[in-house]
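Have a look at the structure below before the remarks.
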Amino acid sequence: MTHILLLYYFVFLLPTESCRTLCQVANKSKEKMPARPHDVCDGVCVDNSHCSQPCPPDTQGNTGFLCRQKKWHKITETCRTLNAFNIFETNSYSVQPFGGNTVIKEYAKESETITDLLMQKCPQDLSCVLRNIRQSPRSPGNIAVIVQLLHNISTVLWTGVDEVKMQSYSTMANHILNSRSISNWTFIPERNSSCVLLHSVNSFARKLFINKYPIDISDAFIHTTGTTISQDNAGKNFTFSMRINDTGSEITGRVLISRDELQKIPAPSQAVSIAFPTLGAILEASVLENVTVNGLVLSVILPKELKRISLIFEKISKSEERRTQCVGWHPLESRWDQQACQMIQENSQQAVCKCRPSKLFTSFSILTSPHILESPILTHVTYIGLGISICSLILCLSIEALVWGQVTKTEISYLRHVCVANIAATLLMADVWFIVASFLSGPMTHHNACVAATFFVHFFYLSVFFWMLAKALLILYGILIVFHTLPKSVLVAALFSVGYGCPLLIAAVTVAATEPSKGYLRPEACWLNWDMTKALLAFVVPALAIVVVNLITITLVIVKTQRAAIGSSMFQEVRAIVRISKNIAILTPLLGLTWGFGIATVVDDSNLAFHIIFSLLNAFQGFFILVFGTILDPKIREALKSRVTSAKWISRISAAAASQFSQPSSEEVGLLSAFSAAL
């Protein structure tokens, strides 16, 4: 009996005591070890270096950091609590997590995925994961797991999606669409997770079967409605009213299908629409465009016969200074595409869009460009200035043509007036095409015409700059080198090559490189795109480079005129200062230095004063060229005076000749008298 008790002690009690002792030692060791911070990195921070930290206890994954300006900034996070072991309400599985497609092992079974297990445990309603998903924290890692799960479900289920399954699916999606989780989406390593979610929800809804009665599944951050439509309906509409966040007011969205469109349906069909109040903000974390979603995101799944629908979006931000555009989501390119919709009507409260639903475009919304400043004052200044500029340039070219023979007698003056005339001509054409492009912009955009107008605006404004560059190079050539070292024909050919050849090359390469991918135009105007392809750089970079060259030219002119004043009397110095001021006043509008004020509008694009100053200086540039380049030129004034004097002398001589011809001589009077007497 004693041996049995000893054996019992060694087999059962001793291991228990040993385990208890080991656990106590382990607990003491844990108490001695300080808690390791998980929101900062332990490594030395060197700019552009990376660091990775493990997630807190009871979670899996890690957190990535990037060093910027001697500080660690969190850029990615995969910390997650959801896995195949705890995502289900009841299970007996050990876990070996692996992202959203978590691999698990049952004791005597082969590997399965969470989705496969879900299809085994609750294929009828998908409800066996809902409670634990709703209770899980909305960490970036958990969001990624749920996105992958929703994607897998939409892929596995081909048919048999009823209202119950759709309700469970919406509940899962609603959890990660919560407005409180928007910031966490930015830390998911897979930047296209929000795009995958939108595609998965639309794909799952496309398989939804609607029986007799309409379906209405409403959650806080996703609202799904479905019904049957036919030719007998007098139009159909889906109306949504949802909150963007817990504190904001509700915004509305409507999908309208006209009766004429419904007549195209050969038989009764299904129509499903889904509204997302927060998905637009979540997509902004993935889409690298400088735009903001300003309404609900509305998805529609319709019969293929329906080609046109109307969408009414209430604006989240009702600022009138922001321009709105109607867009559709392009799932293949993960971007908003303005080609899918047209703006029909807009006011400060809402926008009405006409869109083309298809298998490619199923989700629509409205965007605002946050850096577009619109003001009636700015518009009036621009168009009044352009009108005055066009009239001034026409007058400038007329004067140049009138006095051309008198002011171009020397080679230097000839080349100078060639530059001035071409600057005026290209600026005139640029202003005209700018007005044409402004009429083509807006809700009813004619794409091909808009492309042509943008090309000519780009080309002629570049030509203005390059002729200004030619003018600057001509001045530099005159200061540094003797003019007659090259023949006039060579200089003229060089000027025209710079003035027209370089702009044509840049404009042609820009349209050829960006238009095939629909990245040439801006969505809201006939002008070069910035957000997608940065095509605007093809104008900004040459323009700013030429402005720098022109600044150098003016500096050299100032230095040259100052040298003439060194050692002179006070009177001569004053005259030199006046001459410098005249040079600056003449060269500034001609060489386009006023465009340098455009930098101020880029630095502070919300400042209306900068925009008005920039518009004034540039819109009236034609007027400046007329005044400083033509009217204030002494030689042109002398030529005009001589032409006017010559015209007066010619008129006097003509008048004298006419009066002399109208008065008969004495001999003629005598002959007439004799002839009368003979009669």
Rounded, prolate or oblate: pick one for region 111-265, where a ≥ b ≥ c are the square roots of the eigenvalues of its C-alpha gyration tensor, a/c under 1.5 means rounded, and failing that, prolate if a/b is larger than b/c, else oblate. oblate
Amide H partners (placed H, <5 Å) of Cys341, local residues excluded: Gly328
Where does each of 337-349, 412-424, 452-464 land if you order them by average Cβ count within 10 Å, highest first? 452-464, 412-424, 337-349
I want to check the label-to-label distance for Ile388 and Asp219. Put each point 7 Å from Cα in the C-beta direction and report it in nm to one decimal. 6.0 nm
I need the shape label for region 248-344. Rule: rounded when a/c is under 1.5, else prolate if a/b > b/c, else oblate, with a, b, c from the alpha carbon gyration tensor. prolate
In whole Å, what is the distance between the alpha-carbon centres of region 221-297 and region 142-215? 16 Å
Relative contact order of region 184-317, defined on C-alpha pairs under 8 angstrom at six or more residues apart (%): 26 percent
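We did not get these values from a lab; they are worked out from the coordinates using the rules stated. Just so we're clear, the structure is a prediction, and the values are computed from it rather than from any experiment. A quick note on method: Cβ atoms are made from the backbone with ideal geometry, for glycine too, and the neighbour counts reach across all protein chains shown.
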